[in-house]
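Notes follow the structure.
The values are calculated or read from the model by the stated rules, or taken from the named source; none is laboratory data. Because the structure is a prediction, the values reported are computed rather than measured. For neighbour counting, all protein chains shown are included, and Cβ atoms are generated from backbone atoms with ideal geometry for every residue, glycine included. Protein only, heavy atoms only, side chains kept; ligands, DNA and RNA dropped before computing areas. Shrake-Rupley method; radii C 1.70, N 1.55, O 1.52, S 1.80 Å.
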Amino acid sequence: MSEGTAQAVYPPSAEFVSQANAGPELEQAAEADRLAFWAEQARRLHWDTDFTDVLDWSDAPFAKWFVGGKLNVAYNCVDRHVEAGNGSRVAIHWVGEPGDSRDVTYDQLLAEVSQAANYFTEIGLVSGDRVAIYMPMVPEAIITMLACARLGLTHSVVFAGFSAGALRSRVDDAEAKLVVTTDGQYRRGKPAPLKAAVDEALGSGDDAAKSVEHVLVVNRTDSDINWTDGRDLWWHETVAKSDTAHTPQAHDAEHPLFLLYTSGTTGKPKGIVHTTGGYLTQVSYTFHNVFDHKPGEDVFWCGADIGWVTGHSYLVYGPLSNGATEVIYEGTPNSPNEHRHFEIIEQYKVSTYYIAPTLIRTFMKWGREIPDAHDLSSLRLLGSVGEPINPEAWRWYHEVIGGERCPIVDTWWQTETGAIMISPLPGITETKPGSAMAPLPGISANIVDEQGKSVGAGEQGFLVLDKPWPSMLRGIWRDDERFRETYWSRFADQGWYFAGDGARYDDDHALWVLGRIDDVMNISGHRISTAEVESALVGHHSIAEAAVIGAADPTTGQGIVAFVILRQGQEDTGDQLITELKAQVSKDISPIAKPREIHVVPELPKTRSGKIMRRLLKDVAEGRELGDTSTLVDPTVFDNIRRGNKV
Ligand code: WT7
């Protein structure tokens with residue numbers, strides 16, 4: 001089907017419309033007075049001290065939202081639901097990978113968050129200190145995040161699939177005083193070590209991570225682990241024995257709630273800074289409206305890991321600030337078999353299901369007889385996040401998982417935006433498969449050309465956010481210059497945020513996000529920079545130079561393809577070298593960054609100024625005719641690459 005006006009649109013059913021949280025009045029209110037609209041959204045939260053100004057943009061691009069206001073994030077996510085009489089409501093239906101499970105009510109959550117807050121205070125942590133969290137999807141991970149929020153400790157969650165090296169650089173950059181981890185984690189039915197990676201990361205003697213005072217360990221797998229006396233602490237001997245009552249203090253609206261490291265266009269990950277009032281306002285607002293959440297009725301399930309921003313915003317702060325009941329699943333979708341997700345939906349009567357397109361395409365590959373074997377009639381709304389969803393996957397999701405009755409919200413946002421920015425509203429928007437449709441009420445975006453002029457329908461341009469929003473990043477941790485340079489320099493005259501994505505409008509003004517236009521790859525919804533993988537590859541003794549690109553991949557969106565040049569005197573050992581290089585990337589970054597293909601080539605295509613022409617390598621990797629090669633120093637380079645490698 002063409003992407004013009006003629007394509008099929010999917011309006012919400014009359015039944016869905018009649019009960020939806022968000023109706024046209026939401027849009028009208030935001031149009032009428034944007035800042036008053038955000039003030040109203042902020043007041044869905046409990047403020048200990050009211051704010052005096054909605055937005056202070058005088059020090060742009062460093063925003064201050066809800067100036068002068070004070071609130072406690074954990075109080076908003078836990079205590080106030082208990083005080084409202086909903087303490088016995090289940091907050092978390094936790095499902096472990098080996099088949100164990102645990103329901104955590106809001107009462108229990110309050111008791112356990114209070115214990116952790118009391119213990120963190122006992123070991124000397126005070127507001128402003130940083131805590132690194134390197135944990136699988138266990139309830140204690142969320143409890144730790146909330147305990148940090150309660151005390152004003154800035155947390156930095158590091159995805160438990162990242163390597164020891166990646167953990168170390170994040171611990172050092174943030175100067176974390178405490179690292180919270182588990183002995184091990186279940187992966188595909190078997191316990192795998194995790195604390196060992198913390199030990200390796202933190203080092204010892206002269207090489208020890210200086211900032212870290214303690215490592216707090218949750219016993220998840222009953223594994224044998226090494227122990228450093230004085231530094232290491234068991235959760236069950238400390239936190240679990242602490243007092244279950246704790247009085248929260250309010251924190252300034254601009255107090256840093258968390259850092260989350262994400263890949264940029266250089267090898268060094270950026271510590272994205274999010275703060276308290278604006279972040280919670282927007283994640284809470286979007287959760288309520290985009291997911292049409294009904295407290296006490298809906299069962300929400302977001303399939304992301306807490307190591308990514310989706311996990312922060314829609315596993316922790318968005319759902320819990322709304323008093324939601326949610327599923328948290330520890331494992332992979334095919335453990336013990338491909339029925340796992342559908343069994344969980346059936347068992348817990350999940351009503352709202354939010355996953356990445358790469359998983360939808362994986363389900364498609366496994367075949368519809370798997371979901372068809374389950375009663376999925378509890379579902380009433382589906383969500384997609386992390387990468388553009390191809391129309392074919394959208395339609396399959398709609399028909400096979402959603403039984404043709406569930407609206408789909410294709411939500412565009414980023415680690416930096418903190419919360420959903422562009423998405424259908426399920427009770428209003430007539431959706432088109434593959435389009436994120438329009439900015440949410442209160443959000444302003446545009447698609448522009450190099451000069452900042454709006455592009456016409458059908459033309460590709462740069463996606464920009466042309467007005468500040470409450471959950472916007474407040475900077476890059478200790479690197480103001482990089483913050484300005486990365487996001488605010490391209491349209492500096494206009495003062496717009498450049499998202500790094502290409503996009504276009506269609507004839508109906510529906511917005512289509514086309515993906516990154518910088519050197520950032522998107523592998524299964526995970527953001528990985530070409531520079532990071534390149535620097536891991538050249539870390540191998542036999543590699544002189546490397547160029548990495550994301551090539552189209554039918555399942556993962558993009559797959560990593562690397563081109564490497566050997567150092568002089570080094571021999572191409574074939575498979576052995578490739579295996580070593582893949583291991584090197586796994587070790588330096590994470591197995592998720594392991595290249596799909598590695599080609600040893602005699603040289604790399606470069607411009608006269610020495611810049612590697614990745615665009616041409618992408619053409620080669622995707623089997624296309626070469627684009628414009630006129631700026632290449634040596635146009636014959638591709639004959640050499642192709643001849644040597646049958647690419
Ligand atoms: C990049 C941000 C959003 C949280 C998870 C990823 C891509 C994200 C969509 C979507 C098209 C999308 C963009 C964006 N992206 N959602 N619905 N349609 N593209 O967060 O790791 O910060 O990555 O993911 O390219 O810039 P992230």
Margin query: Through the Karplus equation 6.51 cos²θ - 1.76 cosθ + 1.60, θ set to phi - 60°, convert the phi angles of region 319-332 into ³J(HN,Hα) values in whole Hz; use x for Gly and Pro.
Written below: x, 5, 5, 9, x, 6, 10, 9, 9, 10, 10, 6, x, 8
Note to self: Under the 0.36 nm per residue contour assumption, what length would be gained going from the current alpha-carbon distance of residue 494 and residue 570 to full extension?
What the structure shows: 22.3 nm
Check: What FRET efficiency comes out for the pair residue 518/residue 579, r = Cβ-Cβ distance, R0 = 30 Å, nearest 0.05?
Finding: 0.50
Item checked: Accessible area of the chain divided out per residue, in Å², using a probe of 1.4 angstrom -> 38
Item checked: Label-to-label distance, nm, for residues given as residue 57 and residue 337 (7 Å Cα→Cβ offset) -> 5.6
Check: Sorted by accessible area with a 1.4 angstrom probe, largest first, how do 575, 100, 183 fall?
Finding: 575, 100, 183
Check: Counting DSSP beta bridges with both partners in region 116-263, what percentage is antiparallel, nearest 5?
Finding: 20
Next item on the list: Could you tell me the convex hull volume per residue, in Å³, taken over the Cα atoms of the chain?
Entry: 164
Notebook entry, point to check: Once fully extended, how much extra length lies between residue 611 and residue 219, figured as 0.36 nm per residue of separation less the alpha-carbon to alpha-carbon distance?
Noted result: 136.2 nm
Note to self: Of all beta bridges DSSP finds with both residues in the chain, what is the antiparallel percent, to the nearest 5?
What the structure shows: 60
Check: R0 = 30 Å: FRET efficiency of residue 243 with residue 100, Cβ-based, nearest 0.05?
Finding: 0.65
Next item on the list: Let me know the Kirkwood hydrodynamic radius for region 423-533, please, with Cα pairs as the basis and the value in Å to one decimal.
Entry: 15.3
Note to self: No solvent, one uniform scatterer per C-alpha: report log10 I(q)/I(0) for region 210-342 via the Debye equation at q = 0.12, 0.20 1/Å, two decimals.
What the structure shows: -0.76, -1.32
Item checked: Principal axis dimensions, region 45-92 - Cα atoms, whole angstrom, descending -> 45, 21, 11
Checklist line | Estimated vicinal HN-Hα couplings, Hz - region 473-486 in sequence order (Karplus 6.51, -1.76, 1.60; Gly, Pro = x) | finding: 4, 9, x, 9, 3, 6, 8, 4, 5, 5, 4, 5, 5, 5
Check: Which order do 274, 236, 339 take when ranked by solvent-accessible area (1.4 Å probe, heavy atoms of all protein chains), largest first?
Finding: 236, 339, 274
Notebook entry, point to check: Roughly what % of Cα-Cα distances in region 84-172 sit above 22 Å, to the whole percent?
Noted result: 37
Next item on the list: Could I get the Rg over Rh figure for region 524-642? Both from C-alpha atoms, Rh via Kirkwood, rounded to two places.
Entry: 0.95
Checklist line | For region 53-117 versus region 207-279, the gap between their alpha-carbon centres in whole angstrom | finding: 16
Checklist line | Percent of Cα pairs exceeding the 15 Å cut-off, where the set is region 17-85 | finding: 65
Checklist line | Span-like helix ranges in the chain, DSSP H, alpha carbon extent 30 angstrom or more, Kyte mean at least 1.0 | finding: none
Checklist line | In Å², nearest 10: area of residue 380 left accessible to a 1.4 Å probe | finding: 50
Checklist line | With eigenvalues of the C-alpha gyration tensor scaled by 5 and rooted, region 207-246, Å | finding: 21, 16, 7
Note to self: Quick check on region 316-392: what does the Kirkwood estimate of hydrodynamic radius come out to from the alpha carbon pairs, in Å?
What the structure shows: 13.6
Notebook entry, point to check: What accessible area, in Å² to the nearest ten, does a 1.4 Å probe give for residue 302?
Noted result: 0
Note to self: Explain nothing, just compute: Karplus ³J(HN,Hα) = 6.51 cos²θ - 1.76 cosθ + 1.60, θ = phi - 60°, for every residue of region 399-404 in order, whole Hz, x for Gly and Pro.
What the structure shows: 7, 7, 8, x, x, 6
Next item on the list: Report Rg(Cα)/(2.2 N^0.38 Å) for region 1-120, keeping two decimals.
Entry: 1.55
Next item on the list: Quick one: compute a quarter of the convex hull surface over the Cα atoms of region 135-176 and quote it in nm².
Entry: 3.0
Notebook entry, point to check: Considering amide H positions built from the backbone, and no H for Pro or chain starts, which residues 5 or more places from residue 133, or on another chain, come under 5 Å of its amide H?
Noted result: 156, 157, 158, 180
Notebook entry, point to check: For the cross-link pairs 594/618; 268/467; 177/268; 190/349; 210/241; 190/210, which exceed 23 Å when the distance is taken from alpha carbon to alpha carbon?
Noted result: 268/467; 190/349; 210/241; 190/210
